[in-house]
Amino acid sequence: MKIAESGTIIYVTGVYDTLDLFTEELKRAFEALGYSSFVYDACREEESKKRLLELLDRSVTARGTGGPGAFSAVAACITFNNLGYNLDRPDGRNLWEAYGIPYINILMDHPFHYEKPLRNAPSTSVVFGTDRNHVRYLRRFFKNIRQTDFLPHAGVELGHRHKPLAERGIDVLYAGALPIYTVEDMIPDLDSIPETDGQIMAQEVLRELVSHPERTTEDVMEEYLKTVCGGITEQRIHEITVKMRFVDSYATSFFREQAVRILVESGIHVTVYGTGWDQCDWSTNPCLHYGGKVLAPQILPLMNDSKIVLNTMTWFKAGAHDRVFNGMLAGAAVVTDDSTYLRREFRDGRELVMFSLREVRNLPDRVSDLFGHPGRAQQMAEQGYQAAKEGHTWRSRAEYLAETYL
């Protein structure tokens, strides 16, 4: 799908602070590339809808409404996690379809979290996954979406002057909730899956993921279902995987807690932000410093005052998380579990430290080595900063979208 050479890009804000942060960065990047912006603010829905329709109606040429290529002013809607997918005209037609506007949808999480919006996505959709396995899943189970692509997470830089690691006040920072304490609403009635015992399935799949953390949740679930249910259909595999997706969050939470706990119990001071950390049975350890829940923009200055930014991925096996790039752009030494994508982009010990979840027990040694060799850690942080600055900002992602889809 080729879009107009230039024009206005529509953004949707006002729902999630994290997505607003990404959106603002993309908006700034596209404006630097010569595009103008229209922001649909969900907090001011009625006013935003009125202004948006006025913009679109002004963009219609003499050919009238309804067909692609009928507009000169609007290039696309670029949004995250399906925001605004179901906006409609007063006559009930989907707004993006009615005006033939490309709806560029960047998923920051696995697509099995978004069954309904993806199943009902506008026909003009271009959907991006931030993990190559997510793209594979989209192409397999959401054939109604005609165009998909891979777009990695990116980072946000706060300022351009970074303190040396030796002058920073936080030893190790982990910014992210423990999903096990926030996942209750995702758990279905486990007796509602007639093909198998949902409780046993959840236990067996989680056991396999913990034992073989390089595997994807969907692959382990499919293997289990084919073993237990015989000739189960492709569609039914997907339906059950969507129902059981909470297991993915359990696996993520298990290793996230393990990574922080093993550092704290080794005497390494770790500062954590996000819900759940104060509920752990080891949360009274004096090496754990709990800062509560803060908004996404407030994490950036904390990273700028951290010697080490620790990350464990949201079960991304062929992608990355924005914590990695935010930490690098903050001039911190980043320590993260690996993925095939990160292994292609970076070298362990040069731009960042990578470990496999299978080897999480060795994490205190890797972190202690950085503290024991401050010069080497500083050099790695500087090389990581340069690598992220050159290829992993929202400006670089905007350039890819502009060259390929706009």
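The values are calculated or read from the model by the stated rules, or taken from the named source; none is laboratory data. The model shown is predicted, which means the values in this text are computed figures rather than measured ones. Note that we place each Cβ from the backbone using ideal geometry, even for glycine, and neighbour counts take in every protein chain shown.
Of all residues in the stretch 276-290, those satisfying the criterion of being within 21 Å of T252 (Cα to Cα), in contact with a helix residue (DSSP H, G or I) (Cβ under 8 Å, 6 or more places away or on another chain) and touching a residue at least 12 places away in the same chain (Cβ under 8 Å) are G276, W277, Q279, C280, W282, L288, Y290.
The set of residues in the stretch 135-194 that are closer than 23 Å to G391 by Cβ and modelled with pLDDT under 90 comprises G159, H160, R161. Would you point out which residue out of K307, K293 is surrounded by fewer than 17 Cβ atoms within 10 Å (Cβ to Cβ) and over 30 Å from D191 (Cβ atoms)? Matching residue, one of K307, K293: K293. Taking the stretch 144-202, which residues are among the hydrophobic types (A, V, I, L, M, F, W, C) and assigned to a loop (DSSP other than H, G, I, E, B)? Across the stretch 144-202, the qualifying residues are I145, L151, A154, V156, L158, A177, L178, V183, I187, I193.
Each row is one residue, and each column tells you yes or no for (1) part of a strand (DSSP E or B); (2) in contact (Cβ under 8 Å) with a residue 40 or more places away in the chain; (3) closer than 21 Å to L19 by Cβ.
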| residue | (1), (2), (3) |
| --- | --- |
| A75 | yes, yes, yes |
| I78 | yes, yes, yes |
| G100 | no, no, no |
| I106 | yes, yes, yes |
| F112 | no, yes, yes |
| K116 | no, no, yes |
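The residues of the stretch 262-276 that are closer than 18 Å to F355 by Cβ and touching a strand residue (DSSP E or B) at 6+ places or on another chain (Cβ under 9 Å), listed by number, are L263, V264, I268, V270.
Scanning the stretch 209-224 for residues that are touching a Lys or Arg at 6+ places or on another chain (Cβ under 8 Å) and of a type in the set (A, V, I, L, M, F, W, C) returns a single hit, L209.
Of these, T404, T336, T393, T340, which one is farther than 23 Å from T216 by Cβ, touching a helix residue (DSSP H, G or I) at 6+ places or on another chain (Cβ under 9 Å) and not basic (K, R)?
T393
Within the stretch 129-149, the set of residues being touching a residue at least 60 places away in the same chain (Cβ under 8 Å) and under 16 Å from the mean Cα position of the chain (by Cα) comprises G129, T130, D131, R132, N133, H134, Y137, D149. Those helices (runs of 4 or more DSSP H) of the stretch 314-406 in which 1 or more residues are free of Cβ contacts under 8 Å to residues at least 60 places away in the same chain, surrounded by fewer than 20 Cβ atoms within 10 Å (Cβ to Cβ) and not aromatic (F, W, Y) occupy 340-345, 363-372, 374-391, 394-405. Do the conditions hold for M303, that is, is it in contact (Cβ under 8 Å) with a residue 60 or more places away in the chain, within 18 Å of V367 (Cβ to Cβ) and assigned to a loop (DSSP other than H, G, I, E, B)? Here the answer is no, as M303 does not meet what is asked. Output yes when any residue across the stretch 316-333 is closer than 29 Å to H162 by Cβ and acidic (D, E), and no when none is. Yes - at least one qualifying residue is present in the stretch 316-333. Restricting attention to the stretch 203-245, the residues that are among the β-branched types (V, I, T) and either in contact (Cβ under 8 Å) with a residue 60 or more places away in the chain or in a loop (DSSP other than H, G, I, E, B) (or both) total 6. The set of residues in the stretch 185-195 that are touching a residue at least 40 places away in the same chain (Cβ under 8 Å) and surrounded by 12 or more Cβ atoms within 10 Å (Cβ to Cβ) comprises M186, I187, P188, I193, E195.
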